[in-house]
Amino acid sequence: MLQCNRFWSGKFPPDVFIPIAEESGLIIALGNWITANAARIAASWPDDVTLADNLPPVQISAPDAALGILAALRDAGLPTHRLELEITESALTDAFMADLRNVGAGSNAVICAVSEMAARLDMGIVAEGIETIEQERANLSQLRLVI
């Protein structure tokens with residue numbers, strides 16, 4: 001987890017400085033810097049250890065976002081399979097969700113679309129808010145959960 005440290009006033013937790021970075025337009029540059037530095041550090045870890053990078057929705061929707069992430073991995077020498085991108089459902093709500101809703105897709109169709117996208121990209125899915133096996137079976141049986 002990233003923290004902002006200022007020598008004259010101490011630590012600023014992410015819930016304080018991230019909104020400032022978003023409002024100032026610096027969040028994309030900050031996210032790219034974090035990804036690049038985290039990839040460089042993770043490249044020195046054992047091969048079976050992965051890096052989880054939590055991306056803000058604005059960084060995901062930025063032009064050439066994927067190219068920036070791939071460049072950071074290439075420059076660091078970190079193979080793509082060692083990076084886990086963590087995105088929130090809000091990252092999918094803009095164009096992706098609007099497109100699904102425009103074609104009349106309900107919540108089950110959205111779940112299936114996200115599940116299919118993850119399967120094609122060979123990515124796991126973590127469904128937050130699922131606390132019991134019964135909830136998983138009843139609501140999200142078509143998802144491949146990473147628990």
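Please list the non-local residues whose amide H lies under 5 Å from the amide H of Ala62, H modeled 1.01 Å from N, same-chain partners needing a gap of 5 or more.
For Ala62, no residues qualify.
Enumerate the calculated ³J(HN,Hα) couplings along segment 22-30 in order (Karplus 6.51 cos²θ - 1.76 cosθ + 1.60, θ = phi - 60°), each rounded to whole Hz, writing x wherever the residue is Gly or Pro.
Calculated HN-Hα couplings, in order: 5, 5, 7, x, 9, 5, 5, 4, 5 Hz.
Go through segment 54-69 residue by residue and turn each phi into a ³J(HN,Hα) via Karplus (6.51, -1.76, 1.60, θ = phi - 60°); whole Hz please, and just put x for glycine and proline.
Once θ is set to phi - 60°, the couplings for segment 54-69 become 8, 9, x, x, 5, 6, 5, 7, 5, x, 6, 4, 5, 5, x, 5 Hz.
Could you pull out every residue, at least 5 positions away or on a different chain, whose amide H is within less than 5 Å of the one on Glu84? Hs are placed 1.01 Å off N in the peptide plane, and Pro or chain starts have none.
Answer set, sorted by chain and number: Leu51, Ala52, Asp53.
For a protection proxy built on the mean count of beta-carbon atoms within 10 angstrom, sort 33-43, 58-68 highest first, please.
Ranked from most to least packed, the peptides come out as 33-43, 58-68.
So what are the ³J(HN,Hα) numbers for segment 70-82, from phi and the Karplus equation (6.51, -1.76, 1.60; θ = phi - 60°), rounded to whole Hz, Gly and Pro as x?
Rounded to whole hertz, the list is 5, 5, 4, 5, 4, 4, 7, x, 9, x, 4, 5, 9.
Read the figures in this text as sums done on the coordinates, not as results from a lab. Keep in mind the model is a prediction, meaning the values are calculated, not measured. When we count neighbours, we look across all protein chains shown, and the Cβ atoms used for this are built from the backbone with ideal geometry, even at glycine.
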